[in-house]
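Shown next, in structure tokens, is the structure this report addresses.
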Amino acid sequence: MLELDRAQAQWETLQRHAAAAVLESRLQRAAQEDWTSVAFLADLLEAEVQERRRRSIPMQGRRARLPYPKTWEDVDFGFQPSIDRRLMEELATLGFIDRAYHVLLLGPPGVGKSHLAVALALRALQTGISAYFVTVRERVADLPHAQAELAFSRRMRQYLRPKLLIIDEMGYWPLGREEANGFFHLVNARYERGSIIITSNQNFTEWGELLGDAVLASAVLDRL
């Protein structure tokens with residue numbers, strides 16, 4: 001026990017508090033399951049990584065500009081029975097991010113589209129995947145203004161850097177020609193490079209009117 005106490009104290013000195021807390025139980029499990037030394041060390045370090053990641057989630061959520069903390073466990077699928085639960089659970093595996101696929105959540109206001117998008121973003125952050133949340137009106141529509149201020153490239157990098165970009169409220173405000181072009185450039189730049197989740201109250205057939213150009217809308221949807 002003296003050796004165990006000393007080891008725990010050393011982990012604490014190194015500020016590996018999670019590893020120190022589980023050290024005794026991991027030693028017992030390692031003995032029972034005949035772990036190698038490397039497997040034991042890897043498991044101990046994984047406990048520390050997971051705890052640090054858990055503690056950093058609130059800060060990461062603020063950096064990702066998530067409007068509120070909505071976990072996947074908080075989603076009430078019973079509220080909207082038309083949602084395909086099996087499909088949602090598949091999305092929750094985050095495999096679509098690995099393949100740089102996009103997710104479009106369409107439906108009228110109040111059905112929980114934004115909540116689902118935020119829950120998926122938070123789940124991504126919990127697994128170490130970067131995410132960023134924007135609304136069409138607040139951020140995406142300002143790309144033409146950034147271009148006028150010679151800051152277009154900097155703003156685009158901000159939207160291209162995360163593995164997952166959430167674009168919320170598509171369709172609540174019509175986009176002007178320059179704004180629609182900026183939106184197209186953003187979608188095109190992330191094509192096969194990073195995933196996008198878009199929430200919209202407009203069906204695909206209405207995107208031509210929304211973007212002010214049926215051809216541009218077709219090009220956007222092709223890349224989505």
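The values are calculated or read from the model by the stated rules, or taken from the named source; none is laboratory data. All figures in this text were calculated on a predicted structure; none of them were measured in a lab. Because the Cβ atoms are built from the backbone with ideal geometry, glycine has one as well, and the counts that use them run over all protein chains shown.
For region 203-223, a residue qualifies if it is assigned to a loop (DSSP other than H, G, I, E, B), surrounded by 14 or more Cβ atoms within 10 Å (Cβ to Cβ) and either on the phi > 0 side of the Ramachandran plot or modelled with pLDDT of 85 or more (or both), and exactly one does: 212. Among residues that are at pLDDT 80 or above, in a loop (DSSP other than H, G, I, E, B) and among the basic types (Lys, Arg), residue 157 is not included.
The set of residues in region 76-99 being under 12 Å from the mean Cα position of the chain (by Cα) and under 24 Å from residue 202 (Cβ atoms) consists of 91, 96. Here region 71-93 is the region considered, the condition is being at pLDDT below 75 and in a helix (DSSP H, G or I), and the residue that is farthest from residue 114 (Cα to Cα) is 78. Restricted to region 168-191, and to residues that are over 18 Å from residue 214 (Cα atoms) and crowded, with 18+ Cβ neighbours inside 10 Å, which residue is modelled with the lowest pLDDT? Among them, the one singled out is 169.
Does residue 166 satisfy the condition of being outside any helix (DSSP H, G or I) and touching a helix residue (DSSP H, G or I) at 6+ places or on another chain (Cβ under 6 Å)? I'd like the intermediate steps shown before the answer.
On the way: outside any helix (DSSP H, G or I): yes; touching a helix residue (DSSP H, G or I) at 6+ places or on another chain (Cβ under 6 Å): yes.
Criteria met by residue 166.
What residue, of 132, 101, 68, is under 21 Å from residue 158 (Cα atoms), touching a residue at least 24 places away in the same chain (Cβ under 8 Å) and not in a loop (DSSP other than H, G, I, E, B)? Let's see the steps before the verdict.
On the way: 101 fails: not in a loop (DSSP other than H, G, I, E, B); 68 fails: not in a loop (DSSP other than H, G, I, E, B).
After applying the criteria, what remains is 132.
Does residue 131 fit the bill of being farther than 16 Å from residue 186 by Cα and crowded, with 22+ Cβ neighbours inside 10 Å? Judged against the criteria, residue 131 is not a match.
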